Amino acid sequence: MVFAALAFSVALSGCDKGDGGNAVSPPEEPTSDSRAKLATCLTDKGWVMYGSFTCSACRAQRKAFGEAFTHIKEIECNPHAPNTQVDLCLAKVIETTPTWIQEKGGEEIKRLEGYQLLEDLAPVASCDL
């Protein structure tokens with residue numbers, strides 16, 4: 001009952017985003033060109049996505065890039081996949097997929113675990129979106 005009253009109160013009061021009463025537009029979706037530039041930048045800077053063909057978050061990550069995902073280097077960690085590189089995943093201590101790792105000269109520089117919004121991934125990787 002308290003939750004219903006709170007929800008009703010929030011619905012009546014609206015959401016003030018400091019926009020002076022004007023609606024705030026959601027952020028624009030990245031264009032296919034900007035996704036391709038991001039994917040190329042990630043690869044050029046040594047970023048690799050460790051994933052699994054059975055992982056729903058990995059599928060969502062691939063979908064976020066769209067066709068540009070072809071520019072991303074992905075390592076398959078599922079031992080049942082035909083192209084698995086499970087030994088590499090174990091050596092890299094991949095505990096969750098997707099995991100993004102940036103390497104330089106064989107040394108890990110940065111690691112991000114889980115699904116990454118492109119808007120968040122780009123600045124961490126020092127890439128434009």
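Read-outs: derived from the displayed coordinates by stated rules, not from any lab. In this text the structure is predicted, and so the values were computed from the model without any measurement. Please note: Cβ atoms are built from the backbone with ideal geometry, for glycine as well, and neighbour counts cover all protein chains shown.
The magnitude of the dipole of segment 44-129, with charges of +1 and -1 set on the Cβ of Lys/Arg and Asp/Glu and taken from the Cα centre, is near 120 debye. Between Thr96 and Val124, the FRET efficiency estimated from the beta carbon spacing at R0 = 25 angstrom works out to 0.90.
Distances between placed amide hydrogens fall under 5 Å for Phe53 paired with Cys77, Asn78, all partners being 5 or more residues away or on another chain. Whole angstrom only: what separates the Cα centroid of segment 81-129 from the Cα centroid of segment 48-79? Spelled out, the Cα-based centre of one part sits 10 Å from the other.
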